[in-house]
Amino acid sequence: MRQPDAIIIGGGIQGATIALAASERGLRTVIVERNELAAGASGNSYGIIHGGLRYLQTLDIARWKRSKNAQAWYLEHFPEFVRPLRCVMPLYRWRWRSAFFFRTAVLFENLLAKVFKIEVTLPKTTFIPAAATKNQYAKLPESGLSGAACWYDAEVTNMPVVIAAILQKSGLDSSAVMTNTEATELLVREDRVAGVRVKNNTSGEISDIESNIVINCTGSWAGHWQPTTSTAVTAPTAAALAFNLLLDLPAVGDGALALSVTPGKGRCYFMRPYPGGMLAGTFYIPAPGMTEPQVSDSAIQQFLSELALAFPGLEIMNAKVLKVMAGLLPDTDGSGTSLSSQDYILSHDLEGFYTVLGGKLTTAPLLSRDAVKRIWPKKQSALHVIPPALDKQRV
């Protein structure tokens, strides 16, 4: 194997889009993933590529613009795997999620799209009258119901397939995508990274891959992949557990329905059609110290109870849970009560070692491009000669 320009640890959406962004600059990478592609939070996410409309509630125009551009990127480059998703949200009088506030947000978004010249190939937002909303969703809470907003985001139909397509577009062959292979040690010499020692989880074979750049894209495990030398900045640690439930219930409508326990305000849960039933998500609970996603029966019952309150009469408590899709997410302080929505591109005291950690599935491609530009300011690849004698640094 020819020495790659970089070794990427992690085969989720962040690692895959780093590989793609690097290939666009003429660089060759290797992916090392201890499980299968998209085995972590990427593959177990709800799969919505949202356009950032929610950020206009706080006038966060920068985040809205970034989400909108990222959504357009997915739809343009992978239309066979990313499709429009119809979303419906009931609106209630005298609540934040009212017809007045939603119409205002949509008008503002349309204005911003013209100002920034952003075009996304999705149907326009419409509003459903109260009578039609009640007719279509007969079991919704009716007190104060004034209708519903209907907008379109995008959804990933199969995350592992999307990631495989991204890697194929990156030009990586099977030898450069090392699944079921765990990175066990950083190889270093004179305070600079020189490669990674890996172990094949199937055969037990141990080998070394040499490169002067190693990029940590392990998501919620990023904090565990710190070199033992002091670091300039520490990556957030995984302390929040997120999960979705596949229920044996018929689909409610022909798209995603956004509901909250208190009609018109509070955290939204989405329910949408999914092969085999209805997918509900996403539920978050603090999980400080957890190293692998494990969802207890009590957490599942808590989520089902909230769904039942949000949509009374749907008999959610009697539904069979067909699948639990869980992942760990980084938080801001280690308590698990506040998710980290920031994007991180961290350099460390060990030269050549970087951590790239994204706060959102949607904006992963843009973060990857930013990271590649920072790691390689010049477009051409610049390989460094690594001396044959290597020290091994355990992580």
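Worth a mention:
- Of everything in segment 263-286 that is under 12 Å from L246 (Cβ atoms) and either part of a loop (DSSP other than H, G, I, E, B) or of a type in the set (F, W, Y) (or both), the residue that is most open to solvent (accessible area, probe 1.4 Å) is P275.
- Residue count for segment 206-217, restricted to those that are closer than 18 Å to L350 by Cα and open to solvent by 20 Å² or more (accessible area, probe 1.4 Å): 1
- Near pairs, Cβ below 7 angstrom, 6+ apart or cross-chain, from segment 200-219 (under 28 Å from V372 (Cβ atoms)) to any residue that is in a loop (DSSP other than H, G, I, E, B) and of a type in the set (A, V, I, L, M, F, W, C): E210/I386; N212/I386; N216/W225; T218/W225
- Residue match in segment 114-136 (condition: outside any loop (DSSP other than H, G, I, E, B), touching a residue at least 12 places away in the same chain (Cβ under 8 Å), out of contact with any Ser or Thr (no Cβ under 8 Å at 6 or more places or on another chain) and aromatic (F, W, Y)): yes
- Yes/no for T133 being open to solvent by less than 90 Å² (accessible area, probe 1.4 Å) and within 30 Å of the chain's Cα centre (by Cα): no
- If the condition is being within 25 Å of the chain's Cα centre (by Cα) and open to solvent by less than 70 Å² (accessible area, probe 1.4 Å), then segment 113-129 contributes A113, I118, V120, L122, P123, T125.
- Restricting attention to segment 358-395 and to residues that are charged (D, E, K, R) and either modelled with pLDDT under 90 or in a strand (DSSP E or B) (or both), the residue that is most open to solvent (accessible area, probe 1.4 Å) turns out to be R394.
- Any hit, segment 157-165, residues being open to solvent by less than 70 Å² (accessible area, probe 1.4 Å), without any contact (Cβ under 8 Å) to a residue 24 or more places away in the chain, in a helix (DSSP H, G or I) and within 30 Å of L314 (Cα to Cα): no
- Leading residue by the ranking (most open to solvent (accessible area, probe 1.4 Å)) among those in segment 344-357 that are out of contact with any Ser or Thr (no Cβ under 7 Å at 6 or more places or on another chain) and not hydrophobic (A, V, I, L, M, F, W, C): E351
- Some residue of segment 23-38 being within 17 Å of the chain's Cα centre (by Cα) and closer than 24 Å to I128 by Cβ: no
The values are calculated or read from the model by the stated rules, or taken from the named source; none is laboratory data. Owing to the predicted nature of the structure, the values given are computational and were not obtained by experimental measurement. Here Cβ is always computed from backbone atoms with ideal geometry, including for glycine, and neighbour counts include all displayed protein chains. Protein only, heavy atoms only, side chains kept; ligands, DNA and RNA dropped before computing areas. Shrake-Rupley method; radii C 1.70, N 1.55, O 1.52, S 1.80 Å.
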